[in-house]
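For reference, the structure is listed below as structure tokens.
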Amino acid sequence: MKHLHRFLKDEAATIELGEDLALALKAGDCVALSGDLGAGKSTFARALLRAIADDDALEVPSPTFTLVQSYDLRIPVAHFDLYRLADASELDELGFDEALSEGICLVEWPEKAEEALPAERITLAFTHEGDGRRLAISAPDAAFERISRSLAIRSFLSQNGYATARRRHLSGDASVRAYERVEAAGEPAKILMDAPRHRPGPILQDGKYYQQLAHLAEDVVPFVAISELLRGRGLAAPAIYARDLDNGILLIEDLGSEGILDAEGKPVAERYLESVRLLARLHAEPATREIAVGGGLVHRIPDFDRTAIKIETSLLIDWYLPWKRGEAASDSERKEYFAIWDQLIDVLESAEKNLLLRDFHSPNILWRPDREGLARVGIIDFQDAMIGPTAYDVASLVQDARVTIDQHLGARLLDGYLAERKALGPFDEAAFLRDWYLMSAQRNCKLAGIWVRLMQRDGKPGYMKHMPRTFAYLRHALGHEVLTPLRDWCIKAGILVPESAN
């Protein structure tokens, strides 16, 4: 257990702390609130619940008489008041264990059931001190780290002129990053990016772990650099208002919440066409390799090189294939698979290369209807950008991993890109199309493995719903003659069923 103390000078400080800790908690957390009557427990609980609900008017009745009050929020919360509990065994009858398995348990008067509560819990002890309150926080290491991170973000905001800003959860993604909406009186809302430095994973090759081999961003410096590059080219990437590069905290422009899908989650053709036109304009300009980000720091954009391409394609054989077949690939299968990719990467030596944003698809593209032309296309989540085949980002958009792009719309998008490129100057269409199929195959081999890895390693099974789409895209890509060896290998390995067998 780790400990910290804070002085809360008034009720506003108690409310602010409740809102800050609401951003640090997750399902499975038990939060025990101790202190005399009037010490601030109820004020804290009310603020925390309203912050999780993102509803300042949420009714938060005292559970003194009901003993428990449940809230179906972003994270379910069960608010317990054990003052009237006759015996600790009654906690079972109140459904405590079930509530904790599904969400957060907020417990007032925990001393009434000390032995029945989890030993690994977060404890907040309130005591009166002058006109304010003294708060002692104790928590297991992992929870303490989350709490400390949230308090560090509050400190960052205070140091940058947003001491009283309202913070609310916005989203998280498949990585360690999380986002908050930050609101200050009289100013447009801003986005806080919480992106702690990646922790090293297991060593896979040449003394490096996956992030290093795949050239994934390990801190926020690449995001800052690529944002400056894109904005310098007149594109709508978020402006950065404040930054703490060491701790991975950025306060950035809010580009809005409207995306390129309609209300039913289907692609809006006009928005996709404008997005693919943006790629054409970006690829028609010379690539920039080094970007100064201030303080003597220079970000050098890495290459999407042989190592990165192969470590990504290894996800198919390391994660998807064992899940699909129930047994790992043999040594001979692995050797043949990577030999095929070595040959395909040799083909890519002649590919047109420029800035690739890495994940240019619907989750990372915003639509700004109040703007004109390319300014309508807002771009986020580009910290993993590299220099590589321009066909990669076009494949990423035309075969959106999160939404089905039918072949008719896909053809329109590809034709739109080709037409724009040819209008902007010399362009080898035949070579680009070959590379498009190759990059499509590479990306979908990676995604098939990622979906399984997210399910098995990270406990995020929801991504598996994308698997059928991923394989439909992969099958389409493998129809190109340059990919015949990979298609044959996939059929032989049992990953792909021959067309005649369908």
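Given a 1.4 Å probe and every protein chain left where it sits, what share in percent of the accessible area of the chain is carbon and sulfur? Intermediate values should be presented prior to the final figure.
Numbers: 10930 of 22250 Å².
Heavy-atom surface of the chain belonging to carbon and sulfur, 1.4 Å probe: 49 percent.
Tell me the label only: which of (i) 20, 47, 28, 5, 0; (ii) 27, 61, 12, 0; (iii) 24, 53, 22, 1 is P(r) over Cα pairs in 20 Å bins from 0, in percent as calculated from this structure?
Here the calculated entry is (i).
Please give the calculated 222 nm ellipticity per residue for the chain, where each DSSP H segment of at least 4 residues contributes -39500 (n - 2.57) and the sum is spread over every residue; nearest 500 deg cm²/dmol? Please report the intermediate quantities before stating the final value.
Details: 16 runs with 192 residues, N = 502.
Value at 222 nm, helices only: -12000 deg cm²/dmol.
Counting only heavy atoms of protein chains, what accessible area per residue, in Å², does the chain have with a probe of 1.4 Å?
On the way: 22250 Å² over 502 residues.
Roughly 44 Å² per residue, with all protein chains present.
Are there any GluC sites (Glu not before Pro) in the stretch 39-132 that are in a DSSP loop and have at most 16 other Cβ atoms within 10 Å? List them by number. Show your work: numbers first, answer last.
Details: sites: Glu59, Glu90, Glu93, Glu98, Glu102, Glu108, Glu111, Glu114, Glu115, Glu120, Glu129; in loops: Glu59, Glu120.
Those satisfying the criteria are Glu59, Glu120.
How much length, in nm to one decimal, is gained on full extension between Val268 and Glu129, taken as 0.36 nm per residue of separation minus their Cα-Cα distance?
Fully extending the segment from Val268 to Glu129 adds 44.2 nm.
First select every other residue whose beta carbon is under 10 angstrom from the beta carbon of Pro118; then total the charges, Lys and Arg +1, Asp and Glu -1. Provide the component values of the computation, followed by the final result.
Numbers: positive: Arg121; negative: Asp29, Asp97, Glu120.
Local charge sum for Pro118: -2.
At a 10 angstrom cut-off on C-beta neighbours, averaged per residue, how do the peptides 254-266, 9-21 rank from highest to lowest?
Result, highest mean first: 9-21, 254-266.
For the chain, calculate the relative contact order in percent as a whole number, restricting contacts to Cα pairs under 8 Å that are 6 or more residues apart. Spell out each step's value before the answer.
Numbers: 850 pairs, mean separation 59.5, N = 502.
That works out to 12 percent.
For the stretch 1-147, what class follows from the C-alpha gyration tensor (a ≥ b ≥ c being the square roots of its eigenvalues): rounded when a/c is under 1.5, otherwise prolate if a/b is larger than b/c, else oblate? Write down the numbers at each step before the final one.
On the way: a/c = 1.30, a/b = 1.24, b/c = 1.04.
Taking the square roots of the gyration eigenvalues as a ≥ b ≥ c, the stretch 1-147 is rounded.
If DNA, RNA and ligands are ignored and the probe is 1.4 Å, what is the ranking of Val394, Val268, Val298 by accessible area, most exposed first?
Output order, biggest surface exposure first: Val298, Val268, Val394.
Restricting to Cα pairs below 8 Å that are 6+ residues apart, what does the relative contact order work out to for the stretch 383-502? Please round to a whole percent. Before the final figure, lay out each step's value.
Values: 84 pairs, mean separation 29.9, N = 120.
Computed value for the stretch 383-502: 25 percent relative contact order.
What chymotrypsin sites (Phe, Trp or Tyr not before Pro) does the stretch 1-73 have in DSSP loop regions with at most 12 other beta carbons within 10 Å?
Numbers: sites: Phe7, Phe44, Phe65, Tyr71; in loops: Phe65.
In loop regions of the stretch 1-73 (DSSP not H, G, I, E or B), the sparsely surrounded chymotrypsin sites (Phe, Trp or Tyr not before Pro) are Phe65.
Which cross-chain or sequence-distant (5 or more) residues have an amide H under 5 Å from the amide H of Gly378, H modelled 1.01 Å from N in plane?
Amide H neighbours of Gly378, under 5 Å, 5+ apart: Leu366, Trp367, Arg368.
Take each uninterrupted DSSP H stretch in the chain, measure its Cα extent along the helix axis, and return the ones at 24 Å or beyond whose mean Kyte-Doolittle hydropathy is at least 0.0.
Details: long enough: 141-159 (26 Å, 0.02); 331-347 (25 Å, -0.64); 407-424 (26 Å, -0.24); 429-456 (40 Å, 0.04).
The qualifying helices are 141-159, 429-456.
Restricting to DSSP loop positions (anything but H, G, I, E, B) with no more than 13 other Cβ atoms inside 10 Å of their own Cβ, which GluC sites (Glu not before Pro) remain in the stretch 153-254? Intermediate results must be reported in sequence, preceding the final value.
Details: sites: Glu180, Glu183, Glu218, Glu228, Glu253; in loops: Glu218.
Hits after loop and neighbour filter: nothing returned.
Can you pick out the pairs among Lys2/Lys41; Lys41/Lys190; Lys335/Lys460; Lys353/Lys460; Lys208/Lys492; Lys190/Lys465 whose Cα atoms lie more than 27 Å from each other?
Numbers: Lys2/Lys41 21 Å; Lys41/Lys190 30 Å; Lys335/Lys460 30 Å; Lys353/Lys460 34 Å; Lys208/Lys492 31 Å; Lys190/Lys465 32 Å.
The pairs that break the limit, which is 27 Å between Cα atoms, are Lys41/Lys190; Lys335/Lys460; Lys353/Lys460; Lys208/Lys492; Lys190/Lys465.
The values are calculated or read from the model by the stated rules, or taken from the named source; none is laboratory data. Not measured: the values here are computed from a predicted model. As a convention, Cβ positions derive from the backbone with ideal geometry for all residues, glycine included, and neighbour counts pool all protein chains shown. These accessible areas exclude ligands, DNA and RNA; they are computed on the full protein's heavy atoms, side chains included. Shrake-Rupley method; radii C 1.70, N 1.55, O 1.52, S 1.80 Å.
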